[in-house]
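The structure appears right after this line, and notes come after that.
Here, each number is a calculation from the coordinates, and none is a lab measurement. Here the structure is a predicted model, which is why all the values come from computation and not from measurement. Glycine gets a Cβ as well: all are built from the backbone with ideal geometry, and neighbour counts include every protein chain shown.
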Amino acid sequence: MFGYLTDALADLLFGMTGLYGQWRTERFFFDAVTTEIRWVLRRPDETNVVLSIHRLQDLAVSLGLPDGAGELEWRSTHSRAELVHAVLRAAEEVLERHGEEGYRELWQAHPFPMAGLQDLRRLHSRHDACAEHAEPPRPAATAA
Ligand SMILES: [Zn+2]
């Protein structure tokens, strides 16, 4: 299980948000209580993402170590649209199931990362042309 002091869902959403920025590589980690679970998102081109997950022992010292110092647990390649869509759906399901208050009770240290969810949804909708995550149309101005 993950440490309760880290804001894992917010870190995940923020890491995905980075896929729309200028950097080719994003890194963030989960604290699995003394073990670092490091996510590395690398963009070989404009549309694809190589996701690698490394497990590094001893979080007290691992943050300064290169990815290769840990065990590679997972590697897969996805289109950015597909990967971000899946992450958004997972976060939305958590929100639907627990609500903001329920999430706070469960996770305690951190509220549900609503701003992070909305930022990522907006970027995904705008750049990946996802119909399911399309931004709602602006309400029509009411005639006076
Ligand atoms: Zn989508």
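A few remarks follow.
- Residue pairs whose Cβ atoms lie under 9 Å apart, sitting 6 or more positions apart in sequence or on different chains, and linking a residue in region 23-42 that is without any contact (Cβ under 8 Å) to a residue 12 or more places away in the chain to a partner that is part of a loop (DSSP other than H, G, I, E, B), are Trp23/Arg43.
- Any hit, region 13-25, residues being on the phi > 0 side of the Ramachandran plot and charged (D, E, K, R): no
- Unique match (being surrounded by 12 or more Cβ atoms within 10 Å (Cβ to Cβ) and under 16 Å from the mean Cα position of the chain (by Cα)) among Arg55, Arg42: Arg42
- Residue that is among the aliphatic types (A, V, I, L, M) and free of Cβ contacts under 8 Å to residues at least 12 places away in the same chain, where the choices are Leu13, Leu65: Leu65
- Selection count, region 12-41, where residues are under 22 Å from Leu56 (Cα atoms) and hydroxyl-bearing (Ser, Thr, Tyr): 3
- Put simply, of Arg80, Arg104, Arg89 the only residue that is touching a Pro at 6+ places or on another chain (Cβ under 6 Å) and more than 12 Å from Glu36 (Cα to Cα) is Arg104.
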